[in-house]
1. Looking at Lys89 and the list (1) modelled with pLDDT of 80 or more; (2) open to solvent by 70 Å² or more (accessible area, probe 1.4 Å); (3) part of a loop (DSSP other than H, G, I, E, B), which single condition is not satisfied?
2. Can you tell me which residue within segment 93-129, out of those that are more than 19 Å from Asn80 (Cβ to Cβ) and aliphatic (A, V, I, L, M), is most open to solvent (accessible area, probe 1.4 Å)?
3. I'd like to check something: does segment 135-154 contain any residue that is within 20 Å of the chain's Cα centre (by Cα), part of a helix (DSSP H, G or I) and modelled with pLDDT of 95 or more?
4. Out of segment 67-84, which residues are within 17 Å of Asn125 (Cβ to Cβ) and open to solvent by less than 80 Å² (accessible area, probe 1.4 Å)?
5. Keeping to segment 60-86, report how many residues are part of a loop (DSSP other than H, G, I, E, B) and either within 16 Å of the chain's Cα centre (by Cα) or charged (D, E, K, R) (or both).
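The values are calculated or read from the model by the stated rules, or taken from the named source; none is laboratory data. Every value quoted in this text rests on a predicted model; they were computed, and no experiment measured them. Heads up, the Cβs are rebuilt from the backbone with ideal geometry, glycines too, and the neighbour counts pull from every protein chain shown. These accessible areas exclude ligands, DNA and RNA; they are computed on the full protein's heavy atoms, side chains included. Shrake-Rupley method; radii C 1.70, N 1.55, O 1.52, S 1.80 Å.
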Amino acid sequence: MWGGRAGSLLRGWGRQLTGAPGRRLLNCRAASQAGNSAPRCWKCGGPRGPAQGDGFFCPQCRALQPPDATRDYFSLMDCNRSFRIDTTKLQHRYQQLQRLVHPDLFSQRSQTEKDLSEKHSTVVNDAYRTLLAPLSRGLYLLKLHGIEISEGTDYEMDSQFLMEIMEINEKLAEAQNEAVIKEIESIVRDDFEKAKEILTKMRYFSNVEEKIKLKKTPL
């Protein structure tokens, strides 16, 4: 019964990934649009690259620059774009970035840099939380491929899957002892492992997608 749930997820995602080769990654699309004009420092007007402090500061006047909207969370947090990441490395990167852009470090700077530090800190926090949790990490990977699954949606989910989820929620609400709770926990943990396997397969689909794009590109 429970094995069908993971299969339902795989079928749903498989249908969506089938149409993915014609799409470009979100950050790549934004990058191509931004590539028409080189970014310049808001304070001194100088070119912003190569920059200091991981691209956050102007190399001429060292003023904090706006966040790079074309940079995805994996790049920002120095992680491979994969479901499997080193969470210890992720935590170290998070601490490193906060030592660069935390608002407390800009209390004596201009109001512009104070505001920019708030924005940077928010982006870093969001990136860290998103990549730390397996579920949000997997959903973010899908989003980078143009596939978004809103929280609470029943999109592409068959009725059997939704009924099983309802049964789990009802059983949990009625649970009166620890044994029943552990039973539900075991079922959910097993399904998480199946979901992880699905996301791992998605990485290989992504590699094939990139090869298809290369084949379609004129020499």
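1. (3)
2. Leu105
3. no
4. Start the filter on segment 67-84 by keeping residues that are within 17 Å of Asn125 (Cβ to Cβ), which leaves 67-69, 71-79.
Pro67, Arg71, Asp72, Tyr73, Phe74, Ser75, Leu76, Met77, Cys79 - these are the residues of segment 67-84 that are within 17 Å of Asn125 (Cβ to Cβ) and open to solvent by less than 80 Å² (accessible area, probe 1.4 Å).
5. 16
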